[in-house]
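Single-structure report; data block below.
What follows draws every value from the coordinates through simple rules; no lab data is involved. Because the structure is a prediction, the values reported are computed rather than measured. Cβ coordinates were reconstructed from backbone atoms using ideal geometry, including for glycine residues, and neighbour counts include every protein chain displayed.
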Amino acid sequence: MAAKLKKGDKVIVLAGKDKGKQGEITAVMPKDGKAVVEGINVALRHTRQTQTSQGGRIAKSMPIDLSNLALMDKNGKATRVGFRMEGDQKVRFAKTTGDVI
């Protein structure tokens, strides 16, 4: 099945502690059904100091379930994603506006 959400998409969080926040997808894990969104679902990770990196408490974005994310349309509203054929190419489009993503 084609991916409804991809790396680089602007999304809005629908549920959870970060509900209403928006960000950009930095990584997608289709096998797990999760995505990492910049600045969303942030956890503090304690790391040991090495020769190359400073140790301490580092904020890291953790994966969030794809069902809790919705794509943002050009108006900044949450929208569902549909697929249609334009010529011989399959494209994604926003269900609210009908615009190709």
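Net length available on complete extension from A59 to R84 is 5.1 nm, with 0.36 nm assigned per residue and the Cα-Cα distance removed. Local charge for M72 was computed over the other residues whose Cβ lies under 11 Å away, with Lys and Arg +1 and Asp and Glu -1, and equals 0. Within the listed set L69, L44, L14, the Gaussian network model of the chain (springs between alpha-carbon atoms below 10 Å) gives the highest mean-square fluctuation for L44. Compared with the alpha-carbon gap, the fully stretched path from K19 to T52 is longer by 8.3 nm at 0.36 nm per residue. Overall form of region 61-101: oblate. Here a/c, set by the Cα gyration tensor axes a ≥ b ≥ c, is 1.5 or more, and a/b is not larger than b/c.
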